Amino acid sequence: VGTWSRKTSSLVPPKTSDPFMAFDPVRARMVMVTSSNNSQQATWEWDGANWSEPLPAGGGTPYNIHQLHWDSVHGRILAIVSGEASTEVWQWNPTNRKWTRLSFGCAPSSRSSEAVAYLPGRDQLVCFGGGDASTLQDLWAWAPDGSSWRRYQQTGAWPGPHSGASFAYDSTRQRLVLFHGYGTSGFLDELWLLSFSP
């Protein structure tokens, strides 16, 4: 086990809970978005020594971000955002310091606590469940080169409604792993595996 060390910076993001972070390996920057429960929501970057607020152009930081992911294929940070009517995907472009909405057309309904994973070898974002007026069990996939989400129909065994579950991609076995979460009857201890066709 390594050793903890506390870092200080002359510029510090405002105190907040539940911020979202993703690492940009190309620029060696940690990108952070302060949570939507903070009135000063903004995009910040940590370069290993100091924080900086890039001051996004073109409308600023989108609200209601639920996830941040590094898109290794296109070299960018992707954000999952709960829009007024549907789930949206936005990209952070550090060159022009601007967030841009990418997803259009068919998309998952607006929700919270959905399970999201990025599949780098397949260049896809996959979203399962979450909650709106009820707990959901739908599965969606979005390819960054496409213009909309695709909903997968239930066939065979299928997880029940899940909200707040852990979701990760096993690149060695090429399958998604879904664990825990909250269902219609309370907290869950189920482990589900989803294998994709080649």
DSSP-assigned coil residues among trypsin sites (Lys or Arg not before Pro) in the stretch 140-183, each with at most 16 further Cβ atoms within 10 Å: Arg173
Quick calc: nm separation of the 7 Å Cα→Cβ label points for Met21 and Val73 -> 2.8 nm
Taking 0.36 nm per intervening residue step and subtracting the Cα-Cα distance, what contour gain separates Ser148 from Ser185 on full extension? 10.1 nm
I need the phi-derived Karplus couplings for the stretch 41-49: 6.51 cos²θ - 1.76 cosθ + 1.60, θ = phi - 60°, integer Hz, Gly and Pro marked x. 4, 7, 9, 10, 10, 10, 9, x, 10
Test item: Cα-centred dipole of the chain, Lys/Arg +1 and Asp/Glu -1 on Cβ, debye: 380 debye
From phi via Karplus (6.51, -1.76, 1.60), per-residue ³J(HN,Hα) for the stretch 186-192 in Hz, x at Gly/Pro: x, 5, 10, 10, 8, 10, 10
Suppose we flag GluC sites (Glu not before Pro) only when DSSP calls them loop and at most 13 other Cβ atoms lie within 10 Å. Which is the longest uninterrupted stretch of the chain? 85-189
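Every read-out reported here was derived from the displayed coordinates using simple, explicitly stated rules and does not represent laboratory data. Just so it is clear, the structure is predicted and the values come from calculations on it, not from any experiment. Cβ sites come from the backbone with ideal geometry, for glycine too, and all protein chains shown count toward neighbours.
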